[in-house]
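Okay, so here's the structure we're looking at.
The values are calculated or read from the model by the stated rules, or taken from the named source; none is laboratory data. Only a predicted model underlies this, so the values are computations on that prediction, with no experimental measurement involved. Counting neighbours? That spans all protein chains shown, and the Cβs are built from the backbone with ideal geometry, glycine included.
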Amino acid sequence: MGPHPAVAAIRLAVRRVLHDILTEQTSAQRPVPTPAAAGSPAPFVPAAAHPPHERPQSPLVLVACSGGADSMALASALAFEAPRLGIRAGGVTVDHGLQTGSDQRAAEVVQRLRELGLDPVESTAVTVGREGGPEAAARDARYAALDAAARRHGAAAVLLGHTRDDQAETVLLGLARGSGIRSLSGMAAVSGAGGRYRRPFLHLDRQTARKACMAQSLPVWDDPHNADPAYTRSRLRHEGLPALEKALGKGVVEALARTAQLSRDDADALDTWARQAEAAVRDATGLLECAKLYALPPAVRRRILRRAAIEAGAPAGSLFARHIEEVDRLITGWRGQGAINLPGRVVAQRQGGRLVIRQG
């Protein structure tokens, strides 16, 4: 008799991601051609040379685990699948220090991960700031800790337990912000520097992960913050989405997840177009030419403006659609207006038919 259907589903999702990681690792180690004399075969050298007696170490994949159902299901699937593919598997839990006894809970998660057979396993404590609100600050601190852990252990990837339900919530939050198609694209299956972060469960619902934990008798911890109405995502989860399903019928979560994928495809295509068009709208000194920018479709032009603002020092997380719209009016609605102040003390102004974006 095979595993419970929920367990089989999470294992399959993780297996696919691990196969992708192995394929990428293999491609990175393939021999590459070097210049050769005319008429002679091209010699090959390995991208990463190893002595004949020494084989490359198998890649390490970490799982970020809070102890909740989603991440515990992910940890169990990684522990099961990784050895079968010759991959080392470890885990990291982040102690945000936002609740009494959080250090003890982090220690319990570490013990559970070790019992699953993961190694290395560690708990890392962070200090959560206030910038951007409590949820954003906690997220920033968490990802900084995960980045550091991945670098410290030389991990090829870090698996995250975000589900289809999380994706639907992210799309709705992006819609509420009015930040454009990129925010509607939700979370990417692969993100971070070098594709570090992988989200195997984006096509699985939250209930599947919980059922998998129950089927394997895995203890889980339900974070009280997830039910605290003080947090926007919590209100959306317990009030907003149920209200939408009541008004529109079942299938809202699946439809929002599909919207995320379609939006991501469109946003990726527009980003590529903007990158290709940018060189053509700059003059010999590298300044953006307003007339050439004006000729571009708004979606492409605004992407170029956003990219230029970030390169000048504006923090991407603080740069909103309204900022870019103000800069865009220097191109499309020029009436002699003054400079536009952007986050990060960046200033955008029009000078002699050129758009200058720099530190103020």
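Quick look at the numbers
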| quantity | calculated |
| --- | --- |
| Checklist (1) on the phi < 0 side of the Ramachandran plot; (2) surrounded by 14 or more Cβ atoms within 10 Å (Cβ to Cβ) applied to G360, failing item | (2) |
| Unique match (being more than 30 Å from R303 (Cβ to Cβ) and in the same structural domain as C65 (by TED's automatic domain parsing)) among R152, R182, R196 | R152 |
| Residue selected from the range 305-340 under the condition free of Cβ contacts under 8 Å to residues at least 40 places away in the same chain and either assigned by TED's automatic domain parsing to the domain that holds L184 or touching a strand residue (DSSP E or B) at 6+ places or on another chain (Cβ under 6 Å) (or both), by the criterion nearest to S183 (Cα to Cα) | H323 |
| Check on R198, surrounded by fewer than 17 Cβ atoms within 10 Å (Cβ to Cβ) and either in contact (Cβ under 8 Å) with a residue 24 or more places away in the chain or farther than 26 Å from H323 by Cα (or both) | no |
| Residue within the range 264-273 that is at pLDDT 95 or above, β-branched (V, I, T) and closer than 18 Å to I181 by Cα present | yes |
| Which numbered condition V109 fails, given (1) assigned to a helix (DSSP H, G or I); (2) surrounded by fewer than 17 Cβ atoms within 10 Å (Cβ to Cβ); (3) touching a strand residue (DSSP E or B) at 6+ places or on another chain (Cβ under 9 Å) | (2) |
| Tally, over the range 306-360, of residues that are β-branched (V, I, T), assigned to a strand (DSSP E or B), more than 19 Å from D283 (Cβ to Cβ) and touching a helix residue (DSSP H, G or I) at 6+ places or on another chain (Cβ under 9 Å) | 2 |
| For N226: the one exception among (1) touching a helix residue (DSSP H, G or I) at 6+ places or on another chain (Cβ under 8 Å); (2) on the phi > 0 side of the Ramachandran plot | (2) |
| Total residues in the range 85-105, condition in contact (Cβ under 8 Å) with a residue 60 or more places away in the chain, surrounded by 15 or more Cβ atoms within 10 Å (Cβ to Cβ) and not hydrophobic (A, V, I, L, M, F, W, C) | 2 |
| Residues being loosely packed, with under 12 Cβ neighbours inside 10 Å and either among the acidic types (D, E) or under 11 Å from I331 (Cα atoms) (or both) - total across the range 266-294 | 2 |
| Residue ID - surrounded by the most Cβ atoms within 10 Å (Cβ to Cβ), chosen from residues in the range 146-195 that are among the basic types (K, R) and out of contact with any Asp or Glu (no Cβ under 7 Å at 6 or more places or on another chain) | R182 |
